[in-house]
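The values are calculated or read from the model by the stated rules, or taken from the named source; none is laboratory data. Treat the numbers as computed from the prediction; the structure is a model and nothing was measured. Neighbour counts run over all protein chains shown; Cβ positions are idealised from the backbone, glycine included. SASA here: full protein model, heavy atoms, side chains in, ligands and nucleic acids out. Shrake-Rupley method; radii C 1.70, N 1.55, O 1.52, S 1.80 Å.
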Amino acid sequence: MTDEWYMLSDEERLFCDVLGRLCAERIATKAAATDEASTFVHEQIAVLAEAGMLGANLPEAYGGSSISATALLRAVAIVAGACGSTASALTAHYLATDSILIGGTEAQKQKWLPKAATGEALGSFALTEPTAGSDPADMKTRARRTSAGWHVKGTKCFISNGGVADFILLYAVTDPEKGHRGISTFILPKGTPGLEAGAAERTMGLKGGHVFTLNIDCELPSDALLGEEGKGFRTAMQVLDNGRIEVAAQCLGMAETAMQAAIAYAKERVIGGQPLSDRQGIRWMIADMGLAYRSALLVAQDAARQRDLAHAGGGRFSLAASMAKLHASEAAGRIADIALQLHGGYGYTRDFPIERINRDLRIMRIYEGSSEIQRIIISGHMLN
Ligand SMILES: Cc1cc2nc3c(=O)[nH]c(=O)nc-3n(C[C@H](O)[C@H](O)[C@H](O)COP(=O)(O)OP(=O)(O)OC[C@H]3O[C@@H](n4cnc5c(N)ncnc54)[C@H](O)[C@@H]3O)c2cc1C
């Protein structure tokens, strides 16, 4: 096989190699037990902090690793290949820190990003509401100015890390007359009076990456407003451009693990005196997985390259990010399904990781903009 990551620098390669070893030894080994017990991935996040992953999306000036978006794609895939729950909690943290990086003042960046990069503070990104998921501009959470700052009231749901995070990036309406231009972002530190998280949702997969409903009825100081008033929706959309490539990375990592497990199983499993891998029908399944993986990888790498170029020049890369997310999430779903099929009945048991990977992957076609929403974004670009 050719080197699929030939474009990484020597330093980035070393970063990924060290990360790969840590993930194999200290994260992949816990994935099944974490899933069974539904315990939050605190220890795994601490391992990633040691590896420099909690700031891998940030510039060095704020304690980050300053790796390229392509290296970040590879790094997040490595984490997801070891444990989907850990990758999901990690990328939710990136949504929070990217919000500050994109929308925050210099003082807010200096206050929050260095401790987020070391793992001292875990972040969470609260956009979705019970009646505003696919259409977040229709959010109802309201922030009103007071003499002391802001009063924010509303409900957010499905918020990854929400109940365990040290800080939450909360999106709320500050001016209902202005539609999406009337949305602003606020930073809520853990323990803010009036911020209440319910119990973690009982989800199909990603059982170690907890999601929460947040009930908010809080008085906040003036400097809780992130950057400028009215810029929240734009910030959220820019954050999601990054986030969608990170979802693609999660999909690639889990798909790679599923595919490798299926190939190893096909070589070992002997049916009627012949290894499965000698059967033509099985080889076709392996070829289909390889093609789906490779094409999703190339589209995601293209999006990551565009992210690097856009960051250098200040542009956007929404179309490429949507395509990467849509393609990788759908390809990974197909790959994991074929990999399970190839395992036969054993693939349906919890004795093999393929069962968990199928469950962990399902949400990738829903969160950070469902497949339907990505198609709306892509066709919108094509029709304009
Ligand atoms: C495990 C998990 C983690 C999450 N983490 C976070 C997080 O950290 N932060 C956060 O803010 N949110 C988070 N979410 C929320 C997630 O982003 C939303 O669930 C998602 O955006 C879909 O919104 P919804 O659930 O309200 O579905 P709905 O918007 O109600 O959509 C229902 C269905 O209708 C389809 N649909 C909607 N509009 C259209 C349309 N115009 N045309 C065609 N089809 C359409 C959708 O694709 C979907 O299939 C998380 C969710 C889960 C389950």
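Assigning unit charges at the beta carbon (Lys, Arg +1; Asp, Glu -1) and nothing else, what dipole magnitude in debye, to the nearest 20, does the chain show about its Cα centre?
Values: 38 positive and 43 negative charges, 122 e Å.
That gives a dipole near 580 debye.
Taking Lys178 as the anchor, which aspartates and glutamates have their alpha carbon closer than 17 Å to its alpha carbon, excluding any fewer than eight residues away along the same chain?
Within the straight-line cut-off, Lys178 pairs with Asp135, Asp138, Glu228, Glu229.
Could you calculate the FRET efficiency of Thr29 with Glu120 from 1/(1 + (r/R0)^6), where r is the beta carbon distance between them and R0 is 22 Å, rounded to 0.05? Don't skip to the end; give the middle numbers.
Details: r = 25 Å, r/R0 = 1.15.
Approximately 0.30, to the nearest 0.05.
Enter the accessible area per residue of the chain (Å², integer; probe 1.4 Å; all protein chains in place). Let's see the in-between values first.
Details: 16780 Å² over 384 residues.
With the other protein chains kept in place, the chain gives 44 Å² per residue.
Which of rounded, prolate, oblate describes region 123-230, given a ≥ b ≥ c as roots of the alpha-carbon gyration tensor eigenvalues and a/c under 1.5 marking rounded, otherwise prolate only if a/b is larger than b/c?
On the way: a/c = 2.21, a/b = 1.43, b/c = 1.54.
Cα axes put region 123-230 in the oblate bin.
Report the residue, chosen from Pro275, Pro189, Pro176, that carries the largest GNM mean-square fluctuation when the chain is represented by alpha-carbon nodes joined by springs under 10 Å.
For the chain, modelled as a Gaussian network with Cα springs under 10 Å, the answer is Pro275.
Between Glu106 and Arg144, what FRET efficiency comes out of the Förster formula 1/(1 + (r/R0)^6) with R0 = 22 Å and r the beta carbon distance, rounded to 0.05?
Working: r = 27 Å, r/R0 = 1.21.
So the FRET efficiency works out to roughly 0.25.
With the Cα gyration tensor of the chain giving a ≥ b ≥ c as the square roots of its eigenvalues, does the rule (a/c under 1.5 for rounded; else a/b larger than b/c for prolate; else oblate) give rounded, prolate or oblate? Mind showing how you got there, number by number?
On the way: a/c = 1.82, a/b = 1.73, b/c = 1.05.
Prolate.
If you take the charge dipole of the chain about its Cα centre, with +1 on Lys and Arg Cβ and -1 on Asp and Glu Cβ, which of Ala96, Ala80, Ser329 is farthest toward its positive end?
Of the candidates, Ser329 comes out farthest on the positive side.
Can you tell me the order of 117-129, 137-149, 13-25, 361-373 when each peptide is scored by its average per-residue count of other Cβ atoms within 10 angstrom, highest first?
On the way: 117-129: 22.8, 137-149: 14.9, 13-25: 16.9, 361-373: 19.7.
The densest-packed peptide leads the list: 117-129, 361-373, 13-25, 137-149.
Straight-line reach from Lys267: which aspartates and glutamates have a Cα under 13 Å away, not including same-chain ones fewer than 8 places off?
Partners within reach: Asp278.
Between Lys190 and Lys178, what is the spin-label point distance in nm, taking each point 7 Å from the Cα along the Cα→C-beta axis?
3.3 nm
Work out the charge dipole of region 161-219 with +1 on the Cβ of Lys and Arg and -1 on the Cβ of Asp and Glu about the Cα centre, then indicate which of Phe167, Gly209, Thr185 is farthest towards its positive end.
So the residue we want is Gly209.
Of the heavy-atom accessible surface of region 165-267 (probe 1.4 angstrom), what whole percent is carbon and sulfur?
Working: 1990 of 3980 Å².
C and S fraction of accessible area: 50 percent.
Once the piece of chain linking Leu309 and Asp135 is laid out straight, how much longer is it, given 0.36 nm per residue of separation minus the C-alpha distance between them? If you can, show how the numbers build up before the last one.
Numbers: separation 174, 0.36 × 174 = 62.64 nm, distance 2.84 nm.
Contour length minus the Cα-Cα distance gives 59.8 nm.
Leaving out ligands, DNA and RNA but keeping every protein chain, what accessible area does Arg234 have, in Å² rounded to the nearest 10, with a 1.4 Å probe?
The accessible area comes out at roughly 130 Å².
Can you give the calculated 222 nm mean residue ellipticity of the chain, where each DSSP H run of n ≥ 4 adds -39,500 (n - 2.57) and the sum is split over every residue, rounded to the nearest 500 deg cm²/dmol?
Working: 11 runs with 199 residues, N = 384.
Helices in the chain give a 222 nm mean residue ellipticity of -17500 deg cm²/dmol.
What pairs from Lys109/Lys190; Lys153/Lys207; Lys140/Lys231 go past 26 Å between their alpha carbons? Mind showing how you got there, number by number?
On the way: Lys109/Lys190 17 Å; Lys153/Lys207 29 Å; Lys140/Lys231 16 Å.
As for pairs spanning more than 26 Å Cα to Cα, those are Lys153/Lys207.
State whether region 1-102 is rounded, prolate or oblate according to the following rule on the C-alpha gyration tensor (a ≥ b ≥ c being the square roots of its eigenvalues): a/c under 1.5 gives rounded; otherwise a/b larger than b/c gives prolate, and the remaining case gives oblate.
Details: a/c = 2.01, a/b = 1.21, b/c = 1.66.
Oblate, because a/c is 1.5 or more while a/b does not exceed b/c.
Please work out the C-alpha center-to-center distance from region 193-243 to region 18-43 and express it in whole Å.
Here the two parts' Cα centres lie 25 Å apart.
Mind checking which of Ala33, Ala261, Ala172 has the largest fluctuation in a GNM of the chain, springs on alpha carbons under 10 Å?
For the chain, modelled as a Gaussian network with Cα springs under 10 Å, the answer is Ala33.
Asp223 to Asp351: FRET efficiency via 1/(1 + (r/R0)^6), r the Cβ-Cβ distance, R0 41 Å, to the nearest 0.05?
Efficiency, from the Cβ-Cβ distance: 0.20.
For the chain, set up a Gaussian network in which alpha carbons nearer than 10 Å are linked by springs, and say which option among Ala46, Ala339, Ala328 fluctuates the most.
With Cα springs under 10 Å in the chain, the top fluctuation among Ala46, Ala339, Ala328 is at Ala46.
How long is the gain from Arg13 to Leu298 if the chain were fully straight, where each residue apart is worth 0.36 nm and the alpha carbon distance is subtracted? Numbers along the way, then the final one.
Numbers: separation 285, 0.36 × 285 = 102.60 nm, distance 1.82 nm.
Here the segment from Arg13 to Leu298 would lengthen by 100.8 nm.
Grab the Cα-Cα distance for Arg316 and Gln280, subtract it from 0.36 nm times how many residues apart they are, and report the gain in nm with one decimal.
On the way: separation 36, 0.36 × 36 = 12.96 nm, distance 4.49 nm.
Going from the current span to full extension adds 8.5 nm.
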